[in-house]
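Step one of this worksheet: look at the structure below.
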Amino acid sequence: MGFNHFDEKGNAVMVDVSEKAVTSRTATAKGTITVLPEVLTAIKEGTARKGDVLGVARVAGIMAVKKCSDLIPMAHPLPIMKASIDFELNDEYHQITAFCTVKTDGKTGVEMEALTGVNVALLTIYDMCKAMDKRMLIGNIHLCEKTGGKSGDFSYGPQQPVIAVCGIKNSGKTTVLEKLIPEIISRGVKLAVFKNGGHFKPDTPGTDTYRFLEAGASGTLFFDDHQFQISRKTLPPYDELFAMFPEADLLLVEGLRGTELPKLEIIKPDDERSPALPEDKVLGYIAENAAFEANVPVFDREDVKGIVDYIMELYESGALKGALV
């Protein structure tokens, strides 16, 4: 896909949208700022020296939305029908997440307006609290979703294709994945694998890092000259987890049945609890035998080549995209 903000001579231009139709468009963006615990407390209790931090940041973000075309050189001036800034506070991570939603009826979208609003809201929080904390960290700014326009709707998900292999407890997910992983890698695909489970411990009892965690550390990082391992007691958002493996071509997830990720479900035909998901929520089933009937593909769990052939077909077609929540 080429850039459309340059003419045939390479000069920067504002895109000509005069021939485009006016449609209803929305966009939501988000970003976070990490602060010291005492800063978050001051913000929540309204004791920050400069006053109502979130109230001022909300107004600043809305003002920034309306000024977007003055700040971003090639952004079109647009009639803003709605601009809102909302915040979520996370005591565990000492983070504030800002959300900006913008609506218009126009010939081009409001993604830049939403992103500008988030940035300025977060910068305003920094400005109002910098006397207490100059090491505040702003990050994870991205477009969450947008609707309308020629390019259609968009919902933020993993950058790479991803497929979740799910099923009820003891359905054999790990066993199946053990067989799929080497077959997928043999096709020349760089693979990262995630596991979601309810029995996780952040480290192995008896190790030094386990002792650090037991002593009260919120996380540890163990490394040598070639690799590292992170253990944390708390979970960051899924998008941050998936972003930890930018080198991977494909992300394979065990679990996350409740998300809108593309899924294959492993089922046992003799188990009355299976399948857990209806056919319109899965790309296929993996059963103890292929006699299980469905209107989506069904594979025998021993048919590793057939399952991977199907995954590669989906991978190459671009079908392995999906939302995280």
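The values are calculated or read from the model by the stated rules, or taken from the named source; none is laboratory data. Model, not experiment: these values are computed from the prediction. Note: ideal-geometry Cβ built from the backbone for every residue, glycine included; neighbour counts use all protein chains shown. What goes into the accessible areas is simple: the full protein's heavy atoms, side chains included, and nothing from ligands, DNA or RNA. Shrake-Rupley method; radii C 1.70, N 1.55, O 1.52, S 1.80 Å.
Could you look through region 213-242, keep only residues that are part of a loop (DSSP other than H, G, I, E, B) and open to solvent by less than 70 Å² (accessible area, probe 1.4 Å), and pick out the one that is nearest to E92 (Cα to Cα)?
Checking each candidate, the answer is T234.
For residues that are of a type in the set (S, T, N, Q) and surrounded by fewer than 18 Cβ atoms within 10 Å (Cβ to Cβ), tally how many sit in region 81-111.
Summing the residues that are of a type in the set (S, T, N, Q) and surrounded by fewer than 18 Cβ atoms within 10 Å (Cβ to Cβ) in region 81-111 gives 2.
Can you tell me which residue within region 182-201, out of those that are of a type outside the set (G, A, S), more than 23 Å from the chain's Cα centre (by Cα) and at pLDDT 90 or above, is surrounded by the most Cβ atoms within 10 Å (Cβ to Cβ)?
Here the answer is I184.
I need the full set of residues from region 166-181 which are surrounded by fewer than 22 Cβ atoms within 10 Å (Cβ to Cβ), not in a helix (DSSP H, G or I) and not small (G, A, S), in order please.
Scanning region 166-181 gives I168, K169, N170.
Going through region 143-165 one residue at a time, which ones are closer than 21 Å to E113 by Cα, part of a strand (DSSP E or B) and open to solvent by less than 20 Å² (accessible area, probe 1.4 Å)?
K146
Just to be sure before I move on: is G318 under 19 Å from A192 (Cα atoms) and modelled with pLDDT under 80 in the structure I sent?
No.
For region 112-139, give me each residue that is under 23 Å from the mean Cα position of the chain (by Cα) and open to solvent by 50 Å² or more (accessible area, probe 1.4 Å).
Passing the criteria: M112, N119, L123, L137, I138.
Hey, can you tell me all the residues within region 48-80 that are of a type in the set (V, I, T) and either open to solvent by 80 Å² or more (accessible area, probe 1.4 Å) or closer than 22 Å to N140 by Cα (or both)?
Across region 48-80, the qualifying residues are V53, V56, V59, I62, V65, I72.
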